[in-house]
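Let me give you the structure first, and then I'll get to my questions.
The values are calculated or read from the model by the stated rules, or taken from the named source; none is laboratory data. Bear in mind that the values here come from a model prediction, so they are computed numbers and not experimental data. So basically every Cβ, Gly included, is an ideal-geometry build from the backbone, and we count neighbours across all protein chains shown.
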Amino acid sequence: MTDAPPITVIADETAYAEAVQLALDASAAYYADGTSALDDDAYDRLVRGIEAYERDHADQVLSQSPTGKVAGGAVVGDVPHLVPMLSLDNVFGADQLLDWAASLERRLGRPVTAWTVEPKLDGLAISARYRRGRLVQLVTRGDGVSGEDVSHAIGTVLGLPDRLADLVTIELRGEVMMTTAQFEAACAKRQAHDGTTFANPRSAAAGSLRTRERPYVCEQTFFGYGALPYPDDDSELAAGLRAWPHSEVMAWVAAQGVRTTADTPVAGRVVTTVAEAQTRVEEIAAARPGLEFGIDGIVIKCDQAADQVDAGFSSRAPRWAVAYKLPATEKITKLVSVEWNTGRTGVIAPRAVLEPVELDGSIVTYATLHNVADIGRRGLMLGDSVTVYKAGDVIPRVEAPVVHLRTGDERPIPIPQVCPSCGDAIDTSQERWRCVRGRGCRAIASISYAAGRDQLDIEGLAENRIKQMLDTGLITDFADLFYVTRAQLLGLERMGETSTDNLLAALDRAKTQPLNRVFCALGVRGTGRSMSRRIARHFGSMAAIRAADAAAMQEVDGIGPEKAPIVVAELAELAGLIDKLVAASVTMTEPGIPEAGLASLAATSSASAASGEGLPLTGMSVVVTGAMSGPLEALSRNEVNALIERAGGRASSSVSTKTSLLVAGEKAGSKRSKAESLGIHIVTPEEFATQVSAFL
Ligand code: IVH
């Protein structure tokens, strides 16, 4: 499924020496703080080029060459490992996996009948030493022979308990990484502290693990992938760990209270043939976008201890395991230009236009650039080579310029002097620049959004009519619509009696829309239709929503530490508009939900019906795709989503391992195949309608 990347061709001895130096610098930076001038693919190509050159020029091989060395020979720590921490050899694609397995079986002189297939976790390798059940030392991989003592991080790493269930003396191996939520929290903390964010979860984890003194602590997670007895340990447990299959060792590790991937959708699994291993590889690859942590491949290991012992090790890697590489999530490409757009809320945001690059299975052309200050901090120039990161459903982001690839032709990024939408001045007092007109800048867009079918559903309010009312000063925002009189409307050009009465009737109906639609109409940044429904159900009334601080806002499913303060601040900014809506008697409550919201009921058992317990879709994440038919035929996608939520479920737009059910109509495409590969239950629109008929 993945092609081997082509190799870098090295022409002569000088080019060889330069290539060795470049590889050493790149791996030093990668292991120091997760940044590197080369992306993973480019590094692989370079090392393979060096290997090829060395095969033909054995007399020229430099002692510092990265080939055959763990971590490219980059890092040396001062704590010797009890057993070396090695690398893994790579395969790219199904054919290479078959070849690798066949050559291993030839070496063993027998077939391998049990393989473990597990994710290759994209974090930092850690050795965790326990003595009599207590965590005593944490050491990084370093150069594989010795690593750095990072015991100061004990207590900040979830999944790595201070005490094991048994009083055992043992070394655990695994990866320390940040989950998506931990990464978001870490970025929010750093943003608040010095205005910067981390480039990606891996470098955030590397930085947080190795930095001793930081005024804020970032939580991380450990996932174990192995356990070793100390070399001199001749206890019964040590003998057991040396003799048990890998899968049983991992079950024992989990039983000690250590986090493993066992409770994730990509849990390690034992299979008996290489063909089955390939199938599991594909399942894990398909599950990758929905995972809450990064993986950069799949590790296939001999499960039986005897196979591992007989296969042994090369100088760099075990012969009983191999890493099946997945497409990169970070690559280097060119920054072609920067576009500036004013959003509905008046925020002026830059967007990077890139030379198209394939990342994590999709072609990326645009990427987030945050704001002007961020561009300055990163020192980005037009024409720069930049590292770009995208994993799963994450929006692609530009990380940093690769300064040493500059040619001298790079130019400063033009920064707008006036609002790109209306030409008025820019308020630069905050990092996030805004048009001085705020929401008023794109008033037509925000009012027509509020009037849209999924929000207040005000029929007959076309954009030209909104413009006319804005130009004549009848309204400045959508709340003003509810104060416009019949006489004022009749005074507008091209506005007859019938249209006027229809519009007034539509406005009256709009006042009765439930809170979730009224909230959605506000256009608060980061809250679309589903999120607005969740907020409305959680709080029950506009008053409760407005009373929430960032901590209370975070209790809403899907609102993390980055989004919560934004929602709170936006609501404060919208206070005048909301007050006008309240005074116009627009509905400020959610039908069927108590005014203090479901949040207030969480602790009381009598609230089971209201809190969604016992509803047909309680706890389920449902995705809808393809054309609806039968009783659902007339419903818009948003209406089907609302139906899912009435029936207790959560509507989601993308299939992931968290999806519980896919409703697939005619012409369902990639979502259906993805759901099939993940083994997700699939129903037709008709079957689904029966399941939720009480809520239709
Ligand atoms: S087993 C003797 N299993 O990948 C080495 N390693 O590129 C056996 N890694 O140093 C390692 N996930 O830090 C193993 N499920 C997994 C892994 C894994 C990530 C890391 C590990 C290793 C590196 C090699």
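Has region 324-342 got any residue that is under 30 Å from C422 (Cβ atoms) and either of a type in the set (D, E) or without any contact (Cβ under 8 Å) to a residue 24 or more places away in the chain (or both)? Let's see the steps before the verdict.
Going residue by residue through region 324-342, those that are under 30 Å from C422 (Cβ atoms) are 335-342.
Right, trim to either of a type in the set (D, E) or without any contact (Cβ under 8 Å) to a residue 24 or more places away in the chain (or both) and you get 339.
For region 324-342, residues under 30 Å from C422 (Cβ atoms) and either of a type in the set (D, E) or without any contact (Cβ under 8 Å) to a residue 24 or more places away in the chain (or both): present.
Next question. If you scan region 149-189, which residues turn out to be surrounded by fewer than 18 Cβ atoms within 10 Å (Cβ to Cβ) and either over 25 Å from the mean Cα position of the chain (by Cα) or at positive phi (or both)?
Across region 149-189, the qualifying residues are D149, S151, H152, I154, G155, G159, D162, R163, A165, D166, L167.
Filter region 433-478 down to residues that are in contact with a strand residue (DSSP E or B) (Cβ under 7 Å, 6 or more places away or on another chain) and buried (at least 17 other Cβ atoms within 10 Å of the Cβ) and give me whichever is farthest from G523 (Cα to Cα).
W433
Within the bounds of region 566-584, is there any residue that is at pLDDT below 95, over 25 Å from V347 (Cβ atoms) and acidic (D, E)?
no
Moving on. Tell me which strands (runs of 3 or more DSSP E) are completely within region 304-359 and hold 3 or more residues being of a type outside the set (F, W, Y) and surrounded by fewer than 18 Cβ atoms within 10 Å (Cβ to Cβ), or say none if there are none.
Details: elements: 321-325, 330-342, 348-359.
The qualifying strands (runs of 3 or more DSSP E) are 330-342, 348-359.
What are the pairs, 6+ residues apart or on separate chains, where a residue within region 560-587 that is within 16 Å of I447 (Cα to Cα) has its Cβ under 8 Å from a residue that is among the acidic types (D, E)?
Taking only residues 6 or more apart or on different chains, the pairs are L577/D477; K580/D477; K580/D480.
Hey, another quick one. Conditions first: (1) more than 21 Å from P594 (Cβ to Cβ); (2) loosely packed, with under 15 Cβ neighbours inside 10 Å; (3) over 30 Å from the mean Cα position of the chain (by Cα); (4) not acidic (D, E). G528 passes all but one, so which condition is the exception?
With respect to (1) more than 21 Å from P594 (Cβ to Cβ); (2) loosely packed, with under 15 Cβ neighbours inside 10 Å; (3) over 30 Å from the mean Cα position of the chain (by Cα); (4) not acidic (D, E), G528 is out only on (3).
Please find, among R465, R453, the residue that is among the charged types (D, E, K, R) and part of a helix (DSSP H, G or I). Please lay out each step first, then the result.
Numbers: R453 fails: part of a helix (DSSP H, G or I).
Within the list R465, R453, the selection yields R465.
Then there is this: Name every residue in region 103-136 that is more than 12 Å from the ligand (Cβ to nearest atom), under 29 Å from T272 (Cα atoms) and touching a residue at least 40 places away in the same chain (Cβ under 8 Å), in order of residue number.
Within region 103-136, L104, R107, L108, V112, T113, A114, W115 meet the criteria.
Let me ask something else about it. Filter region 55-66 down to the residues that are in contact (Cβ under 8 Å) with a residue 12 or more places away in the chain and surrounded by fewer than 19 Cβ atoms within 10 Å (Cβ to Cβ), then identify the one that is farthest from E18 (Cα to Cα).
H57
Please specify each residue of region 205-240 satisfying the condition of being aliphatic (A, V, I, L, M), closer than 27 Å to V117 by Cα and more than 15 Å from the ligand (Cβ to nearest atom).
Result: L237, A238, A239.
Only one of (1) touching a Gly at 6+ places or on another chain (Cβ under 9 Å); (2) under 30 Å from S656 (Cα atoms); (3) among the hydrophobic types (A, V, I, L, M, F, W, C); (4) modelled with pLDDT of 90 or more is not met by C441, so which one is it?
(2)
Counting only residues that are in contact with a helix residue (DSSP H, G or I) (Cβ under 7 Å, 6 or more places away or on another chain) and within 22 Å of A323 (Cβ to Cβ), which one in region 143-168 is nearest to the ligand (Cβ to nearest atom)?
Across region 143-168, the extreme among qualifying residues is G144.
Which of the residues belonging to region 391-411 are surrounded by 14 or more Cβ atoms within 10 Å (Cβ to Cβ) and touching a strand residue (DSSP E or B) at 6+ places or on another chain (Cβ under 6 Å)? Give the steps one after another, and end with the answer.
The first filter runs over region 391-411 and keeps only residues surrounded by 14 or more Cβ atoms within 10 Å (Cβ to Cβ), leaving 391-392, 394, 396-402, 405, 410.
Correct list: P396, R397, V398, E399, A400, P401, V402, L405.
Continuing with the same structure: Which of the residues that make up region 292-323 are modelled with pLDDT under 95 and either more than 10 Å from the ligand (Cβ to nearest atom) or hydroxyl-bearing (S, T, Y) (or both)?
Correct list: E292, F293, G294, S314, S315.
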